[in-house]
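Have a look at the structure below before the remarks.
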Amino acid sequence: MKPGNVERAIKELLRNKNVQSAEPLFGRFDLAVTGAFRDFEALQRFSEELRSKDYCESCATHPTFDLWKREERPERPWNAWTLVRAQNPQNVKTKMRQIEAVSRIYATAGENDLVVRLSADSPEELHEAILSQVQRVPGVRRTETLAAPRTEA
């Protein structure tokens, strides 16, 4: 996003019936947007429309074909998205489900094999989950973590 336009982009994105959430991030990307699109062409049209906005500098899409969500507890105040490249994505996904801080796992097509949502009670707990658990899962080749601003519990 162009500087100073994140809030405007979120408001506009959330008006789209296919968008489920839009949240600011710290790192290479300014926003994480999740949604449900009828097919790949609908997602492509959405991405092209987003790129045409005066506030958008670039847009990267990570089409997902599988979602696992931890249902037994709500997300916690400290959150992050971790992009994962893996040798065997299915095995890595199975192991990631055992990590308590992992709240969602999206299998994707493209540069990254998985997009993992982490949620913790403190920044220390989030840091520990990323460094001591996620990055040590056998088959994880590379990760990039994008912190999401703190939310109220």
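No value in this document is a laboratory result; all are computed from the given coordinates. From a predicted model like this one, the values you see are computed outputs, not experimental measurements. Cβ coordinates were reconstructed from backbone atoms using ideal geometry, including for glycine residues, and neighbour counts include every protein chain displayed.
The share of alpha-carbon pairs in the range 64-148 lying farther apart than 18 Å comes to 33%. Shown here: the range 6-51, whose C-alpha atoms stretch 29, 21, 16 Å along the first, second and third principal axes, sorted largest to smallest. Averaging Cα coordinates gives a centre for the range 1-61 and one for the range 96-153; these two points are 21 Å apart. Net charge in the neighbourhood of GLY4 (other residues with Cβ under 13 Å of its Cβ; Lys, Arg +1, Asp, Glu -1) is -2. Annotated for the chain: lysine pairs at least 8 residues apart or interchain, Cα distance under 26 Å, count 9.
Mind sorting out which of [x] -0.29, -0.43; [y] -0.50, -0.61; [z] -0.45, -0.55 is the real log10 I(q)/I(0) by the Debye sum over Cα atoms at q = 0.09, 0.11 Å⁻¹ computed from the coordinates? Entry [x].
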